Amino acid sequence: MGNEDNQTRADFFLYKLFAKHTSLVSSQSFHPRIPHPLSTTSRMHRVIFHVDMDAFFASVEQRDFPQYRGKPVIVGSAPDKRGVICAASYEARRFGIHSAMPSRTAGKLCPHGIFVRPRMEAYREESRAIMAIFEAYTPLIQQVSVDEAYLDLSSCVQKASGPDEALRSALPLARDIKERIQTERRLTASIGVGANKFLAKIGSDFQKPNGLTLIPESEKIMFLRPLSVRTIHGVGPVTAQQLEAAGLRTIGDIQNSKLPLETLVGSWAERLRQRAFGEDDRSLDLERERKSISAEHTFAVDTEERQVLRAALKEMSADIAQTLARNAAGALTVQVKVRYRDFSTVTRQVRVQDPVTAAAEIYRLSCHLLARDKLVSGALRLLGIGVSTLVEPWVAQMRLAFAGEKTEG
Ligand SMILES: [Mg+2]
């Protein structure tokens, strides 16, 4: 890390609110009130929280079974069985274990790990209790997965004279939510506070576990600068490599870049530039249930090169597997979508018997669909994968994996 980086890192501590010590540290000492030149009372100031439970399934296990505390707890399939990990405690993460990883790999990395069968009903019940806490603060809640939600608190802070003051005046609410989760549920959450979903999400990831990070509007551009381009949701390894090959490693590099990003990332360019400057006008999606998960990749240059297509498929498969794991879901339908040079679009899907959870399976089925119907008959503009008919794979899988073991009713 270079010196200029160290300087920026040091500045970062201004933003970190160590929630563990909230009773000792007042936000004012971290956020001296800056008079805002544009006092806009007529404008609606947006205040979005992203609340993310820390290692949720594993933390519930550690709470309910004290003998697991301080130990590497790995929730998912048994290490000698087919299937994936859906959560790992922080102790297990030190061994390189992460969600969506095949259980066999996890078993090799952490042979002494405590592998536990997911108790989906317990997690769902816990999730309901946590969402009920949120409902005491706002009706505008987008539940992203069992343990993650966006909350829109804009209407609570409309007396604020500017966007930063609006965000800061919502901090006591964020502390309150954290405290209630801790005292009532004996679990910890990390919260990001920002003027949009993108910033709130970056904030909750920034200081985990048990973090609270506010990204002021007036400082968001500086805040984002040192972060890797990979922090931007949607920038997977393939896109990141394309950007990095062009010398764009950090979000700051994108901010400074005079390159036409369109030649690098195609139709993504505009959104990428907006995110780099901390802009995101997506509203909360208040629909409760998730019925499908998909990913798409638009190529900067139309291509039929197998290596490029395979790389894109791998990246999208990994993305989807991550989302499935976060939702503790598997899919019975896998679909591919291709768009040709003339914009004609074709989709093909396959239905499987056993729910698909792992990236490798999604990848294999997508390749199978492309090959079976010879879909790559010319250069592609776009390639996409979707999964649907979401089910809980654990019920079926675990019955096999833990056969003979006593199950709690
Ligand atoms: Mg989480």
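Values quoted throughout were computed directly from the atomic coordinates according to the rules given, and no laboratory measurement underlies them. Worth saying up front: this structure is predicted, and the values here are computed from it rather than measured. FYI the Cβ positions are ideal-geometry reconstructions off the backbone, even for glycines, and counts take in every protein chain you see.
Structure above, values below:
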{"item": "Pairs from Lys220/Lys291; Lys220/Lys337; Lys108/Lys314 whose Cα-Cα separation, in the structure shown, is over 32 Å", "result": "Lys220/Lys291; Lys220/Lys337"}
{"item": "Cα-based shape type of region 225-276, given that a ≥ b ≥ c are square roots of the gyration tensor eigenvalues and the cut on a/c is 1.5", "result": "rounded"}
{"item": "Amide hydrogen neighbours beyond the local backbone of Leu214, cut-off 5 Å, H modeled", "result": "Leu17, Val193"}
{"item": "Cα centroid of region 151-190 to Cα centroid of region 330-379, whole Å", "result": "42"}
{"item": "Summed residue charge, Cβ within 9 Å of Val238's Cβ, Lys/Arg positive, Asp/Glu negative", "result": "0"}
{"item": "Sites Asp205 and Arg94 - FRET efficiency at Förster radius 25 Å, r taken between beta-carbons, to 0.05", "result": "0.90"}
{"item": "Tensor-based shape of region 292-397 (alpha-carbon gyration tensor, a/c under 1.5 rounded, otherwise prolate or oblate)", "result": "prolate"}
{"item": "Cα gyration tensor shape for region 56-118, rounded if a/c is under 1.5, else prolate or oblate", "result": "prolate"}
